[in-house]
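Q: Quick one: structure below, then a few questions.
Readers should treat all values here as calculations from the given coordinates under stated rules, not as data from a laboratory. Predicted model, so just to flag it, every value in this text is computed and none were measured. As a convention, Cβ positions derive from the backbone with ideal geometry for all residues, glycine included, and neighbour counts pool all protein chains shown.
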Amino acid sequence: MRYLASVLSCLLTVVCSCAPVGAQALRGGPLPMLAEQTAYEPVPGRSPTARAFLLGIGRTNQLDTYLSPMEYTGTEVSFLMQSERMTKLAKRHISFQSTFQGVFTSADNPAETATYTGGRLAYDAGWHYNYSPFSNFNLKGGALIGTDLGFLYNDRNGNNPAQGRFSADVSLSAGADYSYRLGHLPMQLHYQADLPMIGLMFCPEFGESYYEISQNGVGHDIVCAHPGNALSLRQMLMMDFCLKRITLRVGYLCDIRQSNARDLKYHDVSHSFMFGIVRHFQMMKRK
């Protein structure tokens with residue numbers, strides 16, 4: 001039993017840090033919690049991980065000429081889970097980021113005689129190279145690989161009432177982080193923009209029914225997506241601030257998804273207010 005107790009006491013534990021973690025901390029710099037936890041020390045080679053969970057609400061503007069030639073406007077609710085940590089690559093200048101996003105929308109046409117109900121799930125992951133010209137300012141740039149799956153349903157259509165959405169792409173990504181203090185309150189600003197460059201997307205022909213799609217095969221309706229026919233952009237501007245032992249995050253998310261291919265036009269433009277919490281994890285062991 002003594003041996004078992006000693007083994008259990010040496011297991012790695014996860015410790016949450018309340019203060020915002022900048023690029024220097026992600027590369028393995030000292031965290032405020034580490035100075036207080038004198039009975040613990042960081043695991044060599046393990047960098048802190050920042051995980052955020054956000055909820056959002058906003059407005060959306062949707063057009064899908066496969067279902068209707070009219071624009072629909074309404075409400076969007078969403079969630080966003082994001083994780084970021086520094087890796088050992090390039091002398092700890094490269095960070096790994098993953099993002100999982102879920103969206104539900106309800107929009108009406110101008111006459112309020114029909115409603116779009118839609119939803120989608122998106123996941124992307126990739127790497128950024130980080131450069132800090134100043135101790136409290138960090139620039140990053142890299143690439144993300146992502147996929148997007150969703151649907152849009154029109155309650156007025158008798159024939160072809162729904163439209164499926166699928167895409168997979170490689171995006172260019174760039175951002176910046178700035179740490180500062182407002183009085184005694186530590187704060188951090190984050191900005192990031194993701195621009196899809198090349199990929200594949202599902203796009204039926206104008207007037208093609210889903211019965212015809214099933215007969216011809218889905219592969220017949222997979223087309224190459226690029227900025228020329230599917231110019232899209234996601235921008236996030238977030239602010240972190242710490243209240244006691246909780247790091248809160250609030251911000252703005254602008255998500256533009258659009259395409260113009262095979263005589264069909266589509267766009268989904270949303271503006272959302274985001275709010276949630278951020279947790280910073282560091283792998284620790286007993287001294």
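Q: Apply the Karplus curve 6.51 cos²θ - 1.76 cosθ + 1.60, θ = phi - 60°, to the phi angles in the range 75-81 and return the couplings in whole Hz, x for Gly and Pro.
A: Karplus values, whole Hz, x for Gly and Pro: 10, 10, 10, 8, 9, 9, 10.
Q: Here is a follow-up. How far apart, in nanometres, would the label points at Ala90 and Tyr178 be if each is projected 7 angstrom from Cα along the Cα-to-Cβ direction?
A: Taking the two extended label points, one gets 2.3 nm.
Q: Please give the FRET efficiency for Val170 paired with His267, using the beta carbon to beta carbon distance and R0 = 25 Å, rounded to the nearest 0.05.
A: In this case the efficiency is close to 0.75.
Q: A follow-up question, please. I need the Debye-formula profile for the range 52-278: one equal scatterer per C-alpha, no solvent, reported as log10 I(q)/I(0) at q = 0.08, 0.12 1/Å, two decimals.
A: Here the Debye-derived log intensity ratios amount to -0.34, -0.71.
Q: Right, another one. Within the set of other residues whose C-beta is less than 9 Å from the C-beta of Gln235, count the net charge using Lys and Arg as +1 and Asp and Glu as -1.
A: Net of charged neighbours comes to -1.
Q: Between Met187 and Ala111, what is the spin-label point distance in nm, taking each point 7 Å from the Cα along the Cα→C-beta axis?
A: It works out to 4.9 nm between the two label points.
Q: Roughly how far apart, in whole Å, are the Cα centres of the range 55-109 and the range 211-251?
A: Going from one Cα centre to the other spans 5 Å.
Q: Taking R0 as 25 Å, what's the FRET efficiency between Glu71 and Asn159 from their Cβ-Cβ distance, rounded to 0.05?
A: That gives a FRET efficiency of 0.75.
Q: Assuming R0 = 25 Å, can you tell me the calculated FRET efficiency for the pair Ser135 and Phe275, based on Cβ-Cβ distance, to the nearest 0.05?
A: Between Ser135 and Phe275 the formula returns 0.30.
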